[in-house]
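Below: the structure, in structure tokens.
The values are calculated or read from the model by the stated rules, or taken from the named source; none is laboratory data. Please read all numbers here as calculations on a predicted model, not as lab measurements. We place every Cβ from the backbone using ideal geometry, glycine too, and count neighbours over all the protein chains shown.
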Amino acid sequence: MNTCPIALSSKQRPNALAILSTAEKLTYSELEILVQRLCGSLKDYEEQVIAFIPSQTPETIALFFAIWRMGKVAYPMSPSLPAAIVEQRLHQLGAKRVTPTLGTPLATSHLDPKKLALMIETSGTTTTPKIVCHILESLLLGSFAAATALSLTEEDRYCLNLPLFHISGIATILRTVTAGATLLLDHSFPATHISMVPTQLYRLLNQKNPLPELKCLLLGGGPCSPTLFNEAIERGLPLYTTYGMSETGAMATLKEPHIPGLHAGKPLSPLSLKLSHEKEILLRGPTLFSHYWGETPRKKDEWFATRDLGSLDAMLNLHIIGRKDRQFISGGENIQPEEIESALLGLGPVIEARVTPRPDREFGMLPTAELYCSEKIRLEEIQERLRESLPSFKIPKEITISDAPLGKTKAIAGHRE
């Protein structure tokens, strides 16, 4: 763990492909040289936090490892952040913003696993995102556990299908290089492994012969409808479902394809999981984050309260109920939006569902729903079918149907990678 996995692969398998795309390909020895040259460009920076806008290029991938070799902290920022917010973040963190620049190679491969390595903004339900801080050890332990659980080997090809300012994209890179596998930067070459959110899976299923060489399709990032899940299984896709978040380094639990049912599976070793008396999911283990920026580091044996609600079935598989902090009260009744969303997703044509409260003079709050559907469905039919499974006070009083995917609103659902 004290040596960069790219450096290890460059010695053991120097000619093995590390990165492949239509534009370029790099062996592990070539990627190692790229990392060393980026180390050379970082050595004179006094700032500890290195901020950058990541892109799916070899330079960005190498930059993460160069930052860590230099004992600094990577802070990848979303390109959609307003300029004023970017400047505010840089000032708050004392960060240096850089673009990948090649310098004179600096031949260092040492990593300090106990040092702070990554700051990443949460994509959760709170108005102001928190900045999650990971030490390198938690990231490397998590990537090794994930690579093992997904049977990722040096002969495999993992498609980088998610953005690198989210933990899921960074985790894809770490898993791949930990296994000494090949990272695909586009869809021009057949992948053996890929991570997706449900909207991407829906689009994939509209293709004639999707990903024929696929060994693992890791599904996370949002609620998956039973219809979508069952269609993927019927099409023979090797569907793994996962629950995780920025604080867990992506994956916390995993369900493998041979295990029946739509749920989040069991905790990924070395994580432990339990439920509080309120059914809140609690996690503990060395792959968890160190702390939120501005707060004191967490204790090693401390249980992390996720604010997600769940249940365990007879086989101890985790089922996600929803967010503890999304609950609202309507006319004295507690309403959990995810319960309504789950019922909506059980209607065949509904691919995505988002339930939110709106103020009401009489009831205080009333549930409303926004849907994205694969085919037309009458609003009256939706409400009629919901009455079969929900009490009247939980039936959305307003329903709108979007002509485009709703986007990722909360990284949960068996599945928050």
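Residue pairs whose Cβ atoms lie under 6 Å apart, sitting 6 or more positions apart in sequence or on different chains, and linking a residue in segment 177-189 that is closer than 19 Å to T22 by Cβ to a partner that is among the basic types (K, R), are T182/R157; L184/R157. Only one of the listed residues (E295, E278) is in contact (Cβ under 8 Å) with a residue 12 or more places away in the chain and out of contact with any Leu (no Cβ under 6 Å at 6 or more places or on another chain). That residue is E278.
Whenever a residue of segment 1-29 is farther than 15 Å from A62 by Cβ and among the polar types (S, T, N, Q), its partners that are assigned to a strand (DSSP E or B) and at pLDDT 95 or above, lying with C-beta atoms within less than 6 angstrom and at least six residues away or across chains, give the pairs N15/T27. Filtering segment 27-70 to residues that are surrounded by fewer than 21 Cβ atoms within 10 Å (Cβ to Cβ), over 26 Å from Q88 (Cα atoms) and of a type outside the set (D, E, K, R) leaves T27, S29, I33, G40, T57. Can you spot a residue in segment 332-341 that is out of contact with any Lys or Arg (no Cβ under 8 Å at 6 or more places or on another chain), surrounded by 23 or more Cβ atoms within 10 Å (Cβ to Cβ) and part of a loop (DSSP other than H, G, I, E, B)? No, segment 332-341 has no match at all.
Of the listed requirements (1) closer than 25 Å to G331 by Cα; (2) of a type in the set (S, T, Y); (3) at pLDDT 90 or above, S392 misses just one: (3). Scanning segment 369-387 for residues that are exposed (fewer than 14 other Cβ atoms within 10 Å of the Cβ) and not in a helix (DSSP H, G or I) yields E375, K376, R378, R387. The single condition from (1) at pLDDT below 95; (2) closer than 16 Å to I167 by Cβ that L288 fails is (1).
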